[in-house]
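I have placed the structure first, in the form of structure tokens, so that the comments after it can refer back to it.
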Amino acid sequence: MDPLILNNSIERIKPLISKEEAEVVDTKVNNLKKSHGFAVSEYCFDKFIKSEMNLQSSGLRGVGRVTDHPPRFGGYYRRNINYLYRDEIFELEKLFKELLYIGYFTHVLLYEEVLRPAELEDKYKLYQMWIMYILGFDNNSFSEGIGNLGKASGKSVDKLKEKLYKFGFPKTLLEEDVLDRILRFYGIAGFTLRRREMGIKL
């Protein structure tokens, strides 16, 4: 995986970690790297991001949702994205991935006392199992987790929105509200992937 995305994602979470726990952060990350090198999660996130940027499919529903709330980014902002160059789209995709990994590492660093090996190591199967239940855990049980996701991803969300403003969208308050909902969803999606990877029922 891109070392910059890895480092940025972890740095966003560090302010939420107590001084006592801060000493084990690097150990946790290094152990996680040794266990699988992120190849499986990278596959899932890359495939998910491509689906989010999909302009061709009709409608607004994205993978992992039974409704169009939150809508697929590429469906909702179809007209805006049509005016972007390929390198500009690539910039957005990297920022989306950072949000996904913030969710992923929020689970690793805040909710795993001991790292467990991945139980789902088949990337194709994990992707299918993940998107089936991408919002399928009890939000009430993880209200603290959702709150921490919001805190950890704040700076990355602002950075992504700043980039979008430069590209000319969102244009209205409604569009900005929808964008906020879409971006919150990515953190939850990353959080959920880690749980599915470990074989935790959602």
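Looking only at region 142-198, which residues are touching a His at 6+ places or on another chain (Cβ under 8 Å) and aromatic (Phe, Trp, Tyr)?
Once the filter is applied, which keeps residues that are touching a His at 6+ places or on another chain (Cβ under 8 Å) and aromatic (Phe, Trp, Tyr), region 142-198 yields only Phe191.
Among the residues of region 36-51, are any more than 16 Å from Leu4 (Cβ to Cβ) and over 17 Å from the mean Cα position of the chain (by Cα)?
yes
From Ser143, Ser153, which residue is under 19 Å from the mean Cα position of the chain (by Cα), more than 18 Å from Asp177 (Cα to Cα) and of a type in the set (Ser, Thr, Tyr)?
Ser143
Among the helices (runs of 4 or more DSSP H) lying completely within region 6-59, list those that include at least 2 residues that are in contact with a Phe, Trp or Tyr (Cβ under 9 Å, 6 or more places away or on another chain) and more than 17 Å from Ala152 (Cβ to Cβ).
Helices (runs of 4 or more DSSP H) meeting the threshold: 39-52.
Are there any pairs, at least 6 apart or on different chains, whose C-beta atoms fall under 6 Å, with the first in region 175-187 and buried (at least 19 other Cβ atoms within 10 Å of the Cβ) and modelled with pLDDT of 90 or more and the second in a helix (DSSP H, G or I) and β-branched (Val, Ile, Thr), and if so, which?
Leu183/Val157; Gly187/Ile102
Taking Lys94 as the residue in question, decide whether it is within 17 Å of the chain's Cα centre (by Cα) and surrounded by fewer than 18 Cβ atoms within 10 Å (Cβ to Cβ).
In short, yes.
Checking Lys50 against (1) surrounded by 14 or more Cβ atoms within 10 Å (Cβ to Cβ); (2) under 24 Å from Arg196 (Cβ atoms); (3) not aliphatic (A, V, I, L, M): exactly one of these is not met. Which one?
That leaves (1) as the condition not met.
Going through Glu11, Glu23 one at a time, which residue ends up being under 30 Å from Val178 (Cα atoms) and either surrounded by fewer than 16 Cβ atoms within 10 Å (Cβ to Cβ) or within 19 Å of the chain's Cα centre (by Cα) (or both)?
Glu11
Return the pair list, or none, for Cβ contacts closer than 9 Å from residues in region 123-135 that are within 12 Å of Lys47 (Cβ to Cβ) to residues that are surrounded by 14 or more Cβ atoms within 10 Å (Cβ to Cβ) and among the aromatic types (Phe, Trp, Tyr), at least 6 apart or on different chains.
Lys123/Tyr43; Tyr124/Tyr43; Leu126/Tyr43; Tyr127/Tyr43; Tyr127/Phe48; Trp130/Phe48; Ile131/Phe48
Going residue by residue through region 106-114, is there one that turns out to be buried (at least 16 other Cβ atoms within 10 Å of the Cβ) and either modelled with pLDDT of 95 or more or not in a helix (DSSP H, G or I) (or both)?
Within region 106-114 (the criterion being buried (at least 16 other Cβ atoms within 10 Å of the Cβ) and either modelled with pLDDT of 95 or more or not in a helix (DSSP H, G or I) (or both)), the answer is no, since none of the residues qualifies.
Provide a single number: the residues in region 60-86 that are exposed (fewer than 10 other Cβ atoms within 10 Å of the Cβ) and assigned to a loop (DSSP other than H, G, I, E, B).
4
Any residue in region 82-106 that is under 28 Å from Val25 (Cβ atoms) and of a type in the set (Lys, Arg) sitting within a Cβ distance under 8 Å of a residue that is modelled with pLDDT under 95 and not in a helix (DSSP H, G or I)? List the pairs, counting only those 6 or more apart or interchain.
Matching pairs, first to second residue: Lys94/Asp2; Lys97/Asp2.
The values are calculated or read from the model by the stated rules, or taken from the named source; none is laboratory data. Keep in mind that this is a model prediction, so the values were computed, not measured. Cβ coordinates were reconstructed from backbone atoms using ideal geometry, including for glycine residues, and neighbour counts include every protein chain displayed.
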